[in-house]
2 protein chains.
Amino acid sequence: MAESPSKRAGSPVLPLLSGADHDGAPLHARVYRQMREHILRGALRPGARLPSARMLAADLGVSRNTIEAAVTQLRAEGFVVRRVGSGTFVAAAVPDLVAPDRPGRRARARSGERGGRASAPPAPPPPPRLSSRGRSIAQLGATELEEEARANPCATDVRGFPVRTWNRLLARRARQVGAAALLPADPAGVPRLRQAIADHLRLTRGVRCDAAQVIVVNSTQQAVDLAARLLLEPGATALVEDPGYPSARAALAAAGASVRGVPVDRGGLVTDALPDEPGARLLYLTPSHQFPLGVTMALARRLAVLRWAAATGAWVLEDDYDSEFRYDGRPLASLQGLDPAGRTLYVGTFNKVLFPAIRLAYLVVPPALAADFIAARRVLDGFSPTLLQLSLADFITDGHFTAHLRQARQRYAARRDALVRGVAAEWGDAVRLGPSDTGLHLVAHLRAGVSDIHIARAAPAGGIGIAPLSRYYLHRKPSPGLLLTYGAATLEEIGASIRRLAPLVARERR
Amino acid sequence: MAESPSKRAGSPVLPLLSGADHDGAPLHARVYRQMREHILRGALRPGARLPSARMLAADLGVSRNTIEAAVTQLRAEGFVVRRVGSGTFVAAAVPDLVAPDRPGRRARARSGERGGRASAPPAPPPPPRLSSRGRSIAQLGATELEEEARANPCATDVRGFPVRTWNRLLARRARQVGAAALLPADPAGVPRLRQAIADHLRLTRGVRCDAAQVIVVNSTQQAVDLAARLLLEPGATALVEDPGYPSARAALAAAGASVRGVPVDRGGLVTDALPDEPGARLLYLTPSHQFPLGVTMALARRLAVLRWAAATGAWVLEDDYDSEFRYDGRPLASLQGLDPAGRTLYVGTFNKVLFPAIRLAYLVVPPALAADFIAARRVLDGFSPTLLQLSLADFITDGHFTAHLRQARQRYAARRDALVRGVAAEWGDAVRLGPSDTGLHLVAHLRAGVSDIHIARAAPAGGIGIAPLSRYYLHRKPSPGLLLTYGAATLEEIGASIRRLAPLVARERR
């Protein structure tokens, strides 16, 4: 009786290599994978005859049908060939197998290094490496933004979102639209939604726009990415507020911008500190409700920003992320609406004002840029999901959006009041509160020398979100403070949070 | 009687500047905007007293209440100030107004040019300009991809998608999930969906992966963008198939890669033509079903690609866009599954296999890269809409995905058969058909010298999609052919299209 070919190849059997492979695949698929692995690892060499199906079946304890199904797959993929009358052989087309130890050997052979090739153990493959650009993008996400997401939980009160109404609109749209809404759509967004956004922005934010200038995107970050890649050469300088919004800073840096900070004081961005030379190509700012300080930019400074942009030829990227929630006085109209020169781009998002998982935001661009931005949106990510766009258009045009804003504004105002009163009562003069007339967070400024990072780390979880103000600074010496995110906390939670934090704040007092 | 201040300012009245402003805003808002415009344009100078509410009301033919509401808003925004007892004045804080003619003047003043400053008309503002990077991205979208979208309409038969089942799953998820699913989610994707994708790819595509390696994105383009930005330095060389997939080429170029083509023949990418020096950092390819030629890459070449990547340290980006639709024989397992060195990234999309407007795709990365890719996804676009992710996970794990694939495969196979038979009967030997065992399109090669662009332009709309093969070439001399996209056409439409095209094809025959 002839020796089994598998024994000749130095492998007594073709065992299932590991138990980890029991992943629900049919048995023949697992046998196929095991045999392929043996071929790729060289246990079965090119030209070697496979053991017969009968022998393999006996060795592996499976049926011959199973073996034959596996071998058929190997043949279909070119790993083995059948020669009628003499059996099945590992294909000669598998000439030089890819094995984990090869890269090192080949690299040494190419580099001309000769010594010890026969005896030295093969070098392990070099660890996969990102590009230096890639490392910096990943680092921005892993450090700044992950910490941000942890420290400053969602400010939006999703419990207050009218989810039943939303579901009803979703279901209605899903039924109505049929197959047409499954097809590829306009990269600029669904026309009804663009129109609804333009109408809303003109009426409530004084934005000068029509629907043709509105581009629907997934997020503020995507809007910033799009603007930076279209308006800036790689390496160009982009200015941001210092302290400022980490996600926008990260998106600008990830698009290759060299990011520089401009100080912010109680009147908003310090326009006298804008660089006079025409080196900076873009200024990102939050004039309605500066993030994180919460101040509103005064009119004279708004006009100064526009004069600066016109004089230096820079672009202005206005992020109006939460000015819908204004509790005292009237909201100031947008910076974009003051700009006759068409150098201002306006960004807004539904991810904060409705709920984060909707993933819909928008960019309003000057008319002359609209076609180019839409073309670029096509290249970079196609378009946003049609069903969500249509349902949101209904939500706005049927009046649910305005009703939701009105109710949410009342709820948030009550929470803001509770927070302001509670801090005054419990924390006393250890802190000074920043503006609280808008938005879903406010800043409690601490005395110089107090460690906001220490307080934030020691803060118990739950209730209001606590983030140290110092981490929002870019170049400037940080001023200590606590960013208190109250939008999603109930009145009881707010009260409890303030009381729990009081000893920590007091201990850090000097 | 004192002269009206508005007359003193040289403007007899504050008229509504244009009828285009009747956009549904309340009257007081329109009056506010008009008055603001007059201030910004200098018709009302800083320090000038506003006409009294009574006079303005009479001039404009509106009530005094309307005027007072408008002036209150102007005061809130800092445009005007009230001095008790003497009236309302344009604020001195509006010192140097932004007007369309200022940029030119300021630019000249800064550049030191003196002559004719007083007399020359102000220069018009320079037209807005994209960066050169931005121009090339916009151009990629406007030319290549827009033409592609027109010429090669959606190949997916959305009429065959089980939209009722999908809507039922959507509605169920929407009801079940409550507020939690509205919150910010993992940038890598919903765990259930990542697991379902990993299981599916292991079983059907031979991909070596677990859920931790799967990153849910919106589109293949976003996956390519992410990979290129993380793995390539700006300006690094990326290799693509020539002819190849325009969207991937555009996404690579938009991410700053220098894109070079590698020829494709009947065995797929010509691996002998891969550059030997380690300059190229990434190879994008479609080994299962080459786009556009439709050929399948043979095993020996797959292994050669992996050897090349290991030797040069380049990354391989495998796009497996439509191999779910294999009609004859068994599908070949993925290239990724053959790669023990972990240099292969695998991209797939639901936008083709289900429906384009779902906007969900995925990237499978080597384990060592997963954390960095997830962090970068957070920076660049956050995450994909949770509701769609959860519904898709249900669609897969409840078995609807497999059932849909099976039914769609039968439908597409019948259409493929009709197309192949019809072309043989009607077009005869004017064309040679490329492979048709997989996917939703095939190529009818034309004789050298025939203009595929001419035929495609003259082709009547409707029925199958017609695109000239020559437009998919990058550097190589194009070989003429017609890309026939049959997935979304009925058997009758396919027959009619072939008959309508027959005279065009025959006329171009030589």
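The values are calculated or read from the model by the stated rules, or taken from the named source; none is laboratory data. For clarity, every value in this text was computed on a predicted model and none was experimentally measured. Backbone-built Cβ (ideal geometry, glycine too); neighbour counts: all protein chains shown. In case anyone asks, the SASA skips ligands and DNA or RNA and just uses the protein heavy atoms, side chains included. Shrake-Rupley method; radii C 1.70, N 1.55, O 1.52, S 1.80 Å.
To the nearest 0.05, what FRET efficiency results for A:Ala414 and B:Arg75 with a Förster distance of 30 Å applied to their C-beta separation? Numbers along the way, then the final one.
Working: r = 27 Å, r/R0 = 0.91.
Calculated transfer efficiency: 0.65.
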(message) Can you report the principal axis dimensions of the range B:429-510 using only the alpha carbons, biggest first, rounded to whole angstrom?
(response) 35, 28, 22
(request) Rounded to the nearest Å, what's the spacing between the alpha carbon centres of the range A:449-510 and the range A:319-339? Just the number, please. (result) 26 Å
(request) Provide, for q = 0.09, 0.10, 0.18 Å⁻¹, the log10 of I(q)/I(0) from a solvent-free Debye sum over equal Cα point scatterers in the range A:139-252. (result) -0.39, -0.49, -1.27
(request) Treat each spin label as a single point 7 Å out from the Cα along the C-beta direction, and report the A:Ala448 to A:Arg192 distance in nm. (result) 5.8 nm
(message) Given 25 °C and 0.890 mPa s, compute D for the range A:295-337 with the Stokes-Einstein relation, Rh being the Kirkwood radius over Cα pairs; round to the nearest whole µm²/s.
(response) 210 µm²/s
(request) Could you tell me the total accessible area buried at the B-A interface, probe 1.4 Å, in square angstrom to the nearest hundred? (result) 9700 Å²
(request) Over the whole of B:336-349, what's the average partner chain Cβ count within 10 Å per residue? Rounded to a whole number, please. (result) 3
(message) Just to confirm the numbers: A:Gly329, label point 7 angstrom along the Cα-Cβ line, distances to the other copies in nm, shortest first?
(response) 7.4
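In debye to the nearest 20, how big a dipole does the protein assembly as shown give about its Cα centre with +1 on each Lys and Arg Cβ and -1 on each Asp and Glu Cβ? Write out the running numbers ahead of the final one.
Working: 134 positive and 90 negative charges, 23 e Å.
My answer is approximately 120 debye.
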(message) In the range B:202-298, if the dipole is taken from +1 on Lys/Arg beta carbons and -1 on Asp/Glu beta carbons about the Cα centre, which of B:Leu226, B:Gly256, B:Met297 is farthest to the positive end?
(response) B:Leu226
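Per residue, how big is the convex hull around the C-alpha atoms of the range B:336-394? Give it to me in cubic angstrom, could you?
Taking the convex hull of the Cα positions in the range B:336-394, it is 109 Å³ per residue.
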(request) Compute the long axis of helix B:299-312 from its Cα atoms, compare it with the longest principal axis of the Cα atoms of chain B, and write down the angle in degrees, 0 to 90, nearest 10. (result) 50 degrees
(message) Using a 7 Å offset from the Cα along the Cα-to-Cβ direction at both B:Ser258 and B:Gln407, what is the distance between the two label points in nm, to one decimal?
(response) 5.1 nm
(request) Would you mind listing how long the protein assembly as shown runs along its three principal axes, going by Cα atoms, in whole Å with the largest first? (result) 124, 78, 59
(request) Can you run the Rg to Rh ratio on the range B:243-377? Use alpha carbon positions and the Kirkwood inverse-distance Rh. (result) 0.94
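How high is the relative contact order of the range A:326-446, in percent, counting Cα pairs under 8 Å that sit 6 or more residues apart? Present the calculation step by step, with values, prior to reporting the outcome.
Working: 74 pairs, mean separation 26.3, N = 121.
Computed value for the range A:326-446: 22 percent relative contact order.
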(message) I need the peptides A:197-203, A:447-453 ranked by packing, meaning the mean over residues of other C-beta atoms within 10 angstrom, with the highest value on top.
(response) A:197-203, A:447-453
(message) From zero outward in steps of 10 Å, how is the percent of C-alpha pairs of the range A:354-510 spread across the bins?
(response) 10, 29, 24, 21, 14, 3
(message) Quick check on packing: order A:224-232, A:41-49 by the mean number of other C-beta atoms within 10 Å, highest mean leading.
(response) A:224-232, A:41-49
(request) Mind checking the per residue accessible area of the protein assembly as shown for me, 1.4 Å probe, whole number of Å²? (result) 38 Å²
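Mind checking the mean number of beta-carbon atoms from other chains within 10 Å of the Cβ atoms in A:306-318?
4
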(request) Please report, to two decimal places, log10 I(q)/I(0) for chain A at q = 0.05, 0.08 Å⁻¹ as given by the Debye formula with identical point scatterers on the Cα atoms and no solvent. (result) -0.33, -0.69
(message) Take B:Arg135 and A:Ala180, extend 7 Å from each Cα along the Cα→Cβ direction, and tell me the distance between the two endpoints in nm.
(response) 3.9 nm
(request) Kindly give the distances from B:Asp272 to its copy-mates, label point to label point, with each label point 7 Å from Cα along Cα→Cβ, as nm values to one decimal ordered shortest first. (result) 7.4
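Could you tell me what percent of the accessible area of the protein assembly as shown is made up of carbon and sulfur, with a 1.4 Å probe and every protein chain present?
For the protein assembly as shown, the apolar C and S fraction of the accessible surface comes to 53 percent.
Find, to one decimal place in angstroms, the Kirkwood hydrodynamic radius of the range B:204-275, where the mean of 1/r is taken over every pair of different Cα atoms and then inverted. Intermediate values should be presented prior to the final figure.
Numbers: mean 1/r = 0.0730 Å⁻¹.
After inverting the mean inverse Cα-Cα distance, the result is 13.7 Å.
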(request) Against the globular-protein guess of 2.2 N^0.38 Å, express the Cα radius of gyration of the range A:372-423 as a ratio, rounded to two decimals. (result) 1.85
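If one computes P(r) from the Cα atoms of the range B:291-440, what percent of pairs lie at distances over 20 Å?
Numbers: 6917 of 11175 pairs.
Percent of Cα pairs beyond 20 Å in the range B:291-440: 62.
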(message) Between 0 and 90 degrees, rounded to the nearest ten: what's the tilt of helix A:102-111 against the longest Cα principal axis of chain A?
(response) 80 degrees
(message) Order B:Ile374, A:Ile498 by their accessible area, 1.4 angstrom probe, all chains in place, largest first.
(response) B:Ile374, A:Ile498
(request) Please give the net charge around A:Ile67, taking every other residue with its beta carbon less than 11 angstrom from that of A:Ile67, where Lys and Arg add +1 and Asp and Glu add -1. (result) 0
(request) Looking at the protein assembly as shown, send over the antiparallel percent of its DSSP beta bridges, to the nearest 5. (result) 60 percent
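If you take each beta carbon of peptide B:292-304 and count the beta carbons of other chains within 10 angstrom, what is the mean? Working shown, then result.
Working: counts 0, 0, 0, 0, 2, 0, 3, 7, 7, 2, 3, 8, 3.
Counting other chains' Cβ atoms within 10 Å and averaging over B:292-304 gives 3.
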(message) Students often forget the sequence filter, so: which aspartates and glutamates lie under 17 Å Cα-Cα from A:Lys477 once same-chain residues fewer than 8 apart are removed?
(response) A:Glu241, A:Asp242, A:Asp265, A:Asp452
(message) Please list, ordered by chain and number, the residues whose modelled amide H lies under 5 Å from the amide H of B:Ser131; skip anything fewer than 5 residues away on the same chain.
(response) A:Leu231, A:Leu232
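How big is the dipole moment of the range B:362-481 about its Cα centre under a simple scheme where the beta carbon of each Lys and Arg is +1, that of each Asp and Glu is -1, and everything else is neutral? Debye, nearest 20, please.
Details: 14 positive and 9 negative charges, 78 e Å.
Approximately 380 debye in magnitude.
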(message) Under a Cβ-only charge scheme (Lys and Arg +1, Asp and Glu -1), can you give me the dipole magnitude of chain B about the Cα centre, in debye to the nearest 20?
(response) 1560 debye
(request) Please calculate the 1.4 Å probe accessible area of A:Met55, with all protein chains present, and give it to the nearest 10 Å². (result) 50 Å²
(message) Treating the point 7 Å from Cα along Cα-beta-carbon as the label, what are the nm separations from B:Arg159 to the other copies, to one decimal?
(response) 5.0
